[in-house]
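Taking it in order: structure first as structure tokens, then the write-up.
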Amino acid sequence: MSEQLSATGPVAPLSDPASSILTEKLAISGMHCAACVQLIEFRLQQLPGIASFRIQPATHTAAVHYDGQRLDLRDILNAIVGLGYGAYPAGQEADEQVRKQNRMALLRIFIAGFAMMQVMMFAWPSYLVPVPTADGELTPDQDLLLKLASMAISVPVVFFCALPFFRAAWRDLKLRHIGMDVPVSLGILLTFFASVWTTFRGGAVYYDSAIMFVFLLLGARWIEQRVQHKATRALRILTQLQPVQARRLKNYPDHQQEELTDARALHTGDVLLVLPGDQIPADGVVLEGDSACDEALMTGESHPVSKASGDSLTAGSVNLQGRLIMRAEQTGHATRLGHLISMMESAASEKPAIVLLADRHASRFLMIIMLVALVSGLVWWQIQPERALWIAISVIVVTCPCALSLATPGVMAAAIGLMAKNGVLVKSGKALQGLAQATHIVFDKTGTLTSGKLQVQAVQCEVDAAIVMPLALGIAAASHHPVARSVADYLIAQQGNHPAQVQQMQEVAGGGIEAVVDGVTYRFGQPRFVAGLLGHMPEMPADWQGKTVSMLVSAQQVLAAFLLQDQLRDDAVDALQQLRSAGKQICLLSGDQPEPVAQIAALTGIQEAHAQMTPEAKFAWVQNLQRQGAKVVMVGDGMNDGPVLAIADVAVAMGQGAAISQTRSDLLLVSNRLPDLSYGVRAATYSFRLIRENLGWAILYNLVAIPAAVIGWLEPWHAALGMSLSSLIVVLNALRLYLLSQPEYQLTDDATE
């Protein structure tokens, strides 16, 4: 199944106009195990001009960065094809090649299966002693006739059905590399030619074992491909969201001449027309029109989102109703969708440390096994010469090094895909193992356990509101923190959108904002933060003590104070209970006042909660917990969570949170639903358990099967059956992940089609 596919037609790689480094995504066919991935990456990275080349085994794609002045994309494709694999740009339509490849694989399986039944029928009399024929035994002529018939039927299986194994093995040998196809091919050829020899010289033949081996291995690899197809379904759906074409408007707004172009050729500032039913081709903003967009796969929002002039648009979402004119702000791989796809594919290609260890030694293991087979054959040559070759063949055939890492990409891709379907995007492969082994899950409060949509309950204005309110609006609107956004939304609703112009602004994590307006310095934020400019702690009404308060001050006086109240998320209590049921300890760290923190802790049943925590205090607290041996998952959404997210074993950022928290996270909760996080923990725990089961089974199988083959307890057909079934078992075991119950709130199947 390693027919070569190469690119046809022109190739238009993406590039940075200011650099000669080009970026392209390739689809690669013919890979069957970790050794294939290692070989291609090693050889391609040796090409002059290659900046980086990384394969995602889960999706059989590769991301390549290369110097366009030193290397052409054709050279890269030809280098991969020269290694015996197929390669073509991922953006090109490859359905016909894939269908052809699938038809050829099924044809080989059919021929091998049909031949296996026939040869088994011819071999059956030789297994019965005495044979129940008319005279009670087979004559030499009859025995020779059955062997010749078996040999004739075996020829098309060995030289057609097994051809992909031979091609791959020859490629590996030419490159001085030992892959899984080398012992497979050696086992098939030795069994066949040794049987041909004994057909004419006398002795037992094993045509049935050779054909069974080919049939089972072809069938197992075909099933592996189908399982992989299912496991990577969510990743492929997200990839297919990437827009292919765009309608660019020339000379807007004077003339609206429409030009159909490749979405990858768009640039920042292009004006685009999006008709009903079209995909949004880039991240941008609406210039004209009113409509609604389906953003289900990007944000987890199952209902259409209204769009009007000034609203933001996300690449990959679908325009459902009206005609929109937009300006592109991020294009190609720079869009949010492009980042998410890159993160998920990168995460799917990463493996836990235990699996990396197995992959690293797979090739070495193969060489050891071939040495063991040679020694076993020599030893048995001294004991029973007629059994020496068959025992050596059994040792080669029975081994299954690929099972050590075979099902890992499937399990990883299935887990990442299922989590993505439920609003949890995995940015780092280590996150799965980290979630599975976590002992503590630490939450921020505002925007994490609470909705983050604080509401202004009261305002205390110390000077003329006509002066203060535009000032407060200008400073608050410049921040993305939930408190500042709530104040800005309140002021716009009360006073209209008339902000003061801010000349300079600095956001201080865990404190607030320091800004300069008309040459005057102001601070807006928590009382202890504004006290640094004011020179003393500001006074506030007695009933405001311990609550969420933001103040606007100058160096001389308090200008205004805002009392805010947040609401606990509707799903927080159930989600935290599910996490406790999974054996996780829940903690709350917040920079807010003690009273609202204690109130949230009481409502959610959190035993350990700390208020008025600075970013430094959160960092030190988590660091101390880790020194005690804890594995910490940190969930946050604000700028002040950046340092502690960086040190956590697994960092989880809310989809609505600040950009710095998202960039430092391993998981992104784009749905903003806490039950999806608890589902992610269960999925990660279950997937890591499946990986350990697969590794345990593969190790146990080899520990039992190899000595049994060396001792002589296994015939070649036993070895063929055992090797194929061993690979198949670990692959099918990965499918158990789909039995995991889904969270109550999830995207419907219709949304993911």
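The values are calculated or read from the model by the stated rules, or taken from the named source; none is laboratory data. What you are looking at is a predicted structure, and each value in this text was computed from that prediction instead of being measured. We place every Cβ from the backbone using ideal geometry, glycine too, and count neighbours over all the protein chains shown.
Some notes on this structure:
- The residues on offer are VAL459, VAL483, VAL442, and the sole one that is within 30 Å of SER665 (Cα to Cα), in a strand (DSSP E or B) and hydrophobic (A, V, I, L, M, F, W, C) is VAL442.
- Test: ALA152 is among the small types (Gly, Ala, Ser), surrounded by fewer than 19 Cβ atoms within 10 Å (Cβ to Cβ), modelled with pLDDT of 80 or more and in a helix (DSSP H, G or I): yes
- Selection count where residues are hydrophobic (A, V, I, L, M, F, W, C) and within 42 Å of the chain's Cα centre (by Cα), scope region 460-490: 9
- Number of the exception - ALA572 against (1) closer than 24 Å to GLN457 by Cβ; (2) surrounded by 13 or more Cβ atoms within 10 Å (Cβ to Cβ); (3) not assigned by TED's automatic domain parsing to the domain that holds THR446: (3)
- Selection of region 48-85 for residues being within 23 Å of the chain's Cα centre (by Cα) and either in a strand (DSSP E or B) or free of Cβ contacts under 8 Å to residues at least 24 places away in the same chain (or both) yields ALA51, SER52, PHE53, ARG54, ILE55, GLN56, THR61, ALA62, ALA63, VAL64, HIS65.
- Of all residues in region 378-394, those that are touching a residue at least 60 places away in the same chain (Cβ under 8 Å) have Cβ atoms under 6 Å from Cβ atoms of residues that are among the basic types (Lys, Arg) and part of a helix (DSSP H, G or I), 6 or more apart or on another chain, in TRP380/ARG387.
- Counted residues, region 577-596 - those being farther than 13 Å from GLN607 by Cβ and assigned to a loop (DSSP other than H, G, I, E, B): 6
- Matching residues, region 529-546, being of a type in the set (Gly, Ala, Ser) and loosely packed, with under 12 Cβ neighbours inside 10 Å: GLY535, ALA542
- If you check LEU559, LEU533 for being out of contact with any helix residue (DSSP H, G or I) (no Cβ under 7 Å at 6 or more places or on another chain) and farther than 17 Å from ALA609 by Cα, only one passes: LEU533.
- Count of region 160-174 residues which are touching a Leu at 6+ places or on another chain (Cβ under 7 Å) and over 19 Å from PHE213 (Cα atoms): 1
- Considered as a group, the residues in region 462-480 that are free of Cβ contacts under 8 Å to residues at least 40 places away in the same chain and not in a helix (DSSP H, G or I) include one that is surrounded by the fewest Cβ atoms within 10 Å (Cβ to Cβ), and that residue is ASP464.
- Applying the condition of being of a type outside the set (A, V, I, L, M) and farther than 27 Å from LEU677 by Cα to region 546-585 and asking which residue is modelled with the lowest pLDDT yields GLY546.
- Restricting GLN256, GLN242, GLN225 to residues that are modelled with pLDDT under 80, buried (at least 21 other Cβ atoms within 10 Å of the Cβ) and not hydrophobic (A, V, I, L, M, F, W, C) narrows the list to GLN242.
- Within region 56-68, considering residues that are modelled with pLDDT of 80 or more and not small (Gly, Ala, Ser), the one nearest to TRP170 (Cα to Cα): VAL64
- Residue satisfying all of: in region 276-297; β-branched (Val, Ile, Thr) and in a strand (DSSP E or B); surrounded by the fewest Cβ atoms within 10 Å (Cβ to Cβ) among these: VAL285
- Scan of region 147-204 for residues that are of a type in the set (D, E, K, R) and without any contact (Cβ under 8 Å) to a residue 24 or more places away in the chain, ordered by number: LYS174, ARG176, ARG201
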